Each structure stands twice: as C-alpha cells, then as structure tokens.
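Only one structure is covered here, and it is reproduced in the block below.
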Amino acid sequence: MAFYTGATIFVASTITSQPMRSNFSIREAAVADIPTIHQLAEAIWEPTYRPILSREQIDYMFEAIYTYEALERQMLEGQTFLLVLDGDEPVGFAAYSVKDSAKAVYKLNKIYLLPSRQGSGLGKVMLEAVEERVRKAGARYLDLNVNKYNKAKAFYERCGYQVYQEEDIPIGPYWMNDFVMRKALA
C-alpha cells in the first residue's frame, strides 16, 4: 500500500505493513523537462514493449511519440506531464488530459517507471496521484489504454479499472490493439 502526501511518498512494507519513508516526489513537468522525459522514455519504452511488439513497431511508435517536438506538441495540446523523482533522480513519468469535458472523462495517456523501480509500489502511487489531480479538476472517470497483451492490464484491474471497450488504433503502418479501461472516481 502506498500513499502520497505532498513531497514525501510512503510505501508500506509488505513484511511489516509499516510505512517506510522514501525520498520520492511527484511534480508537474514543464517544457524544460522534455529532455528528461525523453531520456526516461528511451530507458523504459523498449523493455516495456519488447515482449508484445516488433522491434520495428517499437522504433516507429517511439519516434512518433517521444521526440522532443512530439513531447512539446503533446504539452501544448493539453497533456499534463508529471515527473517522479527519487531525490534528484528522475525515475518515471505520467501524462493525462481531458478526454470528454461534457462527460467529465479524463485520460491517462502515459504512465511509466524505470524497469528497476517497477514492482515497488511506486506505480500505484503515480496512478493515485493522477487520479487525485483529475478528481480535483472535476473528473468523474479516468480512462486509459493498455495493449491487449500487456501484463500491466492486471495491475490496472487491481487498482479498480475495468475494461470499458476495445479499440484498434492505426499508427503509421502499425496497429495499437488496446483495451480501454475506465475507473469511476466519484
């Protein structure tokens, strides 16, 4: 179990069930942070998708989503990026945006941790931080896309998300075959 209380994140130990203080923080990213987000994506993207996508598709999608220009465009188009830091070291990032303002639906566009930090409870802390932010902004629902073959689907289910629909999205000559998962926040 983990919870975020401003600048400090507490992660409950699975052995003692007592909170262990950690030096993690989550902050909103700015355009000046694009090189950091790009570097994190370089370290995370390929190991995350290697088991489910071809090398060519991984490379193509990375170039479409994580160039400096693409990241800046995403920020300008309304995605809010969050950086997760361990002390001064960036270890992950997330991004979210409004999906349907009339229905108060937000979308978690990205959530990634360095492979060495996965399984520590920090992913759940990141997800809860996004949920808290969008709830405060008026969201009733948070949606996310996950590849049908991505083992992260089970993580999202444990966090209260359910498959809402299936979606096949063309990206260049490739397809993203996803589940759209949704969580009610109210």
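Read-outs: derived from the displayed coordinates by stated rules, not from any lab. Predicted model only: the values in this text are computed from it and were never measured. Here the Cβ is made from the backbone with ideal geometry for all residues, glycine too, and neighbour counts use every protein chain on show.
Which FRET efficiency value, to the nearest 0.05, do you get for Glu132 and Arg55 by plugging their Cβ-Cβ distance into 1/(1 + (r/R0)^6) with R0 = 45 Å? Mind showing how you got there, number by number?
Details: r = 37 Å, r/R0 = 0.82.
The pair Glu132/Arg55 has a calculated efficiency of 0.75.
Among Ser97, Ser54, Ser25, which one shows the highest mean-square fluctuation when the chain is modelled as a Gaussian network with alpha-carbon springs under 10 Å?
Answer for the Gaussian network model of the chain: Ser54.
Would you tally the net charge around Gly123, using a Cβ to Cβ cut-off of less than 14 Å, leaving Gly123 out, and scoring K and R as +1, D and E as -1?
So the surrounding residues net to +2.
Let me know the charge dipole size of the chain about its Cα centre in debye, to the nearest 20, where only the beta-carbon of Lys, Arg (+1) and Asp, Glu (-1) is charged. Before the final figure, lay out each step's value.
Numbers: 21 positive and 23 negative charges, 170 e Å.
Around 820 debye, computed over the chain.
What number, in percent, do you get for the relative contact order of the chain if the mean sequence gap of Cα pairs under 8 Å and at least 6 apart is divided by its residue count? Could the numbers behind the result be given before it?
Numbers: 299 pairs, mean separation 32.4, N = 186.
That works out to 17 percent.
How much mean residue ellipticity at 222 nm does the chain get from its helices, if each DSSP H run of length 4 or more adds -39500 (n - 2.57) and you divide by all residues, to the nearest 500 deg cm²/dmol? All intermediate terms of the calculation are to be shown ahead of the outcome.
Working: 5 runs with 58 residues, N = 186.
Computed ellipticity for the chain at 222 nm equals -9500 deg cm²/dmol.
Counting other Cβ atoms within 10 Å, which trypsin sites (Lys or Arg not before Pro) in the range 23-106 have at most 11 and lie in a DSSP loop?
Answer in residue order: Lys103.
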